[in-house]
Amino acid sequence: MNATEQLNEKLEKTVTSYPDGTQRIDSKIKGLAFFPGGDGLFTKDDTNHEKAAFPIGGIMVLGQDFDSKNSYEASLKQNFESRIKNKTWVNLLQILKATNIDPEECFYTNAIMGVRTTGKSTGRSPGFNCDTFISQCRKFLIEQIRIQKPKLIITLGIKVPSFLSAFSNELAALSEVNSWKKLDEKGLHIFKQINIGDVKTNVVFITHPSLYHSNVKRRFRNSTPDLNGKELEKALIKEVLT
């Protein structure tokens, strides 16, 4: 059983209580797509990932949740998420290129499983309204990290930091973070060599690519006052990788 098959099996067993506003994904997008909508892998062929290698020991790119049901169904119909039209992919690939990260070195996944059935595709996931569901998603994220053993986790958006706060004492300070201003004021930009489950890894928090140019300009770090916005986020990723 390969890593992707292991993840799908663990997901079925671990996340079972999908709440109102969130729906389980039963059919996988065959090509380019974040997990659990697809296999979370990247190759030059957007429509076929049969020969894609799972990046054990690589980088985990961790979003909040997959997207809306409508967007998922559109991608399912064409067998991939568009890296040309989808703002998340467009801006994310630019960030990876700017930080010398090979997209094929990454596993693209989410903290919260399923798709949204109501409301907007951005903002706070409706999954947060169910403690049992969030607990199951946290347990499954531990499994994702255990299987991939990422050297770095790059999180996307301001909702993921608080989700991670329950995983270790080092991350506990993130529990009260609900804005980039608060995260940056507290100096919680990166965590180096921390244990999540039984895996030692690094974590960097960056602006969600779907709203990247609107939000990234607000990022700052008091210890490097001359480095802000997108240049700061690039520097944070490079700092952890060196």
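Rule-based calculations on the coordinates, nothing more; no lab input. As the structure is a prediction and not an experimental result, all values here were calculated from the model. Counting neighbours? That spans all protein chains shown, and the Cβs are built from the backbone with ideal geometry, glycine included.
Before moving on, here are some points about what is shown:
- A quarter of the convex hull surface defined by the alpha-carbon atoms of the stretch 149-237 gives 5.5 nm² as the mean projection.
- Distance violations [Cα-Cα > 28 Å] among 69/192; 10/30; 69/181; 85/149; 10/181; 10/85: 69/192; 69/181; 85/149; 10/181; 10/85
- Principal axis dimensions, the stretch 186-233 - Cα atoms, whole angstrom, descending: 36, 27, 16
- Our Cα-only numbers for the stretch 130-188 put the radius of gyration and Dmax at 12.1, 33 Å.
- Gaussian network model of the chain, Cα within-10 Å springs - most flexible of 209, 225, 19: 225
- Estimated from the Cβ-Cβ distance and a Förster radius of 45 angstrom, the FRET efficiency linking residue 166 and residue 83 is about 0.85.
- Folded to 0 to 90 degrees: helix 69-78 orientation relative to the chain principal axis, Cα: 60 degrees
- Using the rule -39500 (n - 2.57) for each DSSP H run of four or more residues, divided by the residues of the chain, the 222 nm mean residue ellipticity is -9500 deg cm²/dmol.
- Angle of helix 3-14 to the longest C-alpha principal axis of the chain, folded into 0 to 90 degrees and rounded to 10: 80°.
- Among 181, 69, 30, residue whose mean-square fluctuation peaks in a GNM of the chain (springs only between Cα atoms under 10 Å): 181
- Expected-Rg normalisation [2.2 N^0.38 Å, Cα atoms] applied to the stretch 83-218: 1.04
- The calculated pair-distance distribution of the stretch 2-143 uses every alpha carbon pair, bins of 10 angstrom beginning at 0, and gives 12, 44, 36, 8, 0 percent.
- Taking only Cα atoms of the chain, radius of gyration then Dmax in Å: 16.7, 49
- Gain in span if fully extended, residue 149 to residue 132, counting 0.36 nm per residue against the direct Cα distance: 3.6 nm
- Rounded tilt (10° steps) of 87-98 against the dominant C-alpha axis of the chain: 50 degrees
- Candidates 163, 128, 35, ranked by Gaussian network fluctuation over the chain, Cα under 10 Å, top entry: 128
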